[in-house]
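**Student:** Here it is, the structure, as structure tokens.
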Amino acid sequence: MAQLPLVGGCMCGLLRYEVGTAPLMIYNCHCTNCQKIGGAAFNTSMIVTEASLRFTQGEPALVEWVADSGSTRCGLFCGACGSRIVNGGKPSTGVFSLRAGTLDDTSWVQPVGDTYTRSAQPWVHFVDGGLQAETLPPDFSPFVAAFRAQGRF
């Protein structure tokens, strides 16, 4: 079981954060944006409210781009080492997609499913028994419900 606040930071340690409330859900995203941003086959995303995220050390740098969905997105990252911490909507949607790998303790992280499976690498195996969506799901409530059912908070 995870303990609040969740804490994490960038690779070099200059940018640190804490999340004061439980995440809404955790899933793997296989969109081409996540693949390019992270240099990997997918990203494990932890959805947190913007209000619950607080940078406790350093100031994040900002980048903007147009996502696979066509919406404008922004990312906050360490300007020194380049580690991406969160992505968000532009204008704000009230939530951030935090890169779960930036947490100090990732031992409790268990994605409930996979999104953008249509652009997943052919060798990737999806979460066993997890939810799947070919693109961005129009309704994330099944992902939220599956995360709550895990009872990690």
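The values are calculated or read from the model by the stated rules, or taken from the named source; none is laboratory data. Quick caveat: nothing in here was measured; it's all calculated off a predicted structure. Positions of Cβ are generated from backbone atoms using ideal geometry, with glycine treated the same way; all protein chains shown enter the neighbour counts.
**Student:** Among (1) modelled with pLDDT of 95 or more; (2) within 27 Å of residue 66 (Cβ to Cβ); (3) out of contact with any helix residue (DSSP H, G or I) (no Cβ under 8 Å at 6 or more places or on another chain), which single condition is residue 136 missing?
**Tutor:** Here residue 136 clears every test but (1).
**Student:** Still on this structure, please answer the following. Among the residues of the range 111-137, what is the count of those that are of a type in the set (S, T, N, Q) and exposed (fewer than 13 other Cβ atoms within 10 Å of the Cβ)?
**Tutor:** 1
**Student:** In this structure, does residue 142 turn out to be over 15 Å from the mean Cα position of the chain (by Cα), surrounded by 13 or more Cβ atoms within 10 Å (Cβ to Cβ) and either more than 20 Å from residue 52 (Cα to Cα) or of a type in the set (D, E, K, R) (or both)? Quick ask: steps written out before the conclusion?
**Tutor:** Details: over 15 Å from the mean Cα position of the chain (by Cα): yes; surrounded by 13 or more Cβ atoms within 10 Å (Cβ to Cβ): yes; either more than 20 Å from residue 52 (Cα to Cα) or of a type in the set (D, E, K, R) (or both): yes.
Yes.
**Student:** Another one. Go through the range 36-84 and tell me which strands (runs of 3 or more DSSP E), entirely inside it, have 1 or more residues that are farther than 25 Å from residue 143 by Cβ, touching a strand residue (DSSP E or B) at 6+ places or on another chain (Cβ under 6 Å) and β-branched (Val, Ile, Thr).
**Tutor:** 53-57, 61-66
**Student:** When the range 19-43 is examined, which residues are found to be in contact with a helix residue (DSSP H, G or I) (Cβ under 7 Å, 6 or more places away or on another chain) and farther than 16 Å from residue 95 by Cβ?
**Tutor:** Result: 30, 31, 32, 41, 42.
**Student:** Listed residues 99, 54, 73; which is under 23 Å from residue 144 (Cα atoms), surrounded by fewer than 14 Cβ atoms within 10 Å (Cβ to Cβ) and not small (Gly, Ala, Ser)?
**Tutor:** 54
**Student:** So for the range 14-33 (the condition being of a type in the set (Val, Ile, Thr), under 20 Å from residue 145 (Cβ atoms) and surrounded by fewer than 15 Cβ atoms within 10 Å (Cβ to Cβ)), does at least one residue qualify?
**Tutor:** yes
**Student:** Mind checking whether some residue in the range 98-109 is closer than 17 Å to residue 138 by Cα, in contact (Cβ under 8 Å) with a residue 24 or more places away in the chain and within 12 Å of the chain's Cα centre (by Cα)?
**Tutor:** No, the range 98-109 has no match at all.
**Student:** Now, a different point. For the range 98-124, name all the residues that are among the aliphatic types (A, V, I, L, M) and in a loop (DSSP other than H, G, I, E, B).
**Tutor:** Answer for the range 98-124, where residues must be among the aliphatic types (A, V, I, L, M) and in a loop (DSSP other than H, G, I, E, B): 109, 112, 120, 124.
**Student:** Which residues, taken from the range 137-153, are under 14 Å from residue 114 (Cα atoms), assigned to a loop (DSSP other than H, G, I, E, B) and aromatic (Phe, Trp, Tyr)?
**Tutor:** 140
**Student:** What is the number of the single condition among (1) among the β-branched types (Val, Ile, Thr); (2) modelled with pLDDT of 95 or more; (3) out of contact with any strand residue (DSSP E or B) (no Cβ under 7 Å at 6 or more places or on another chain) that residue 19 does not meet?
**Tutor:** All conditions pass for residue 19, except number (3).
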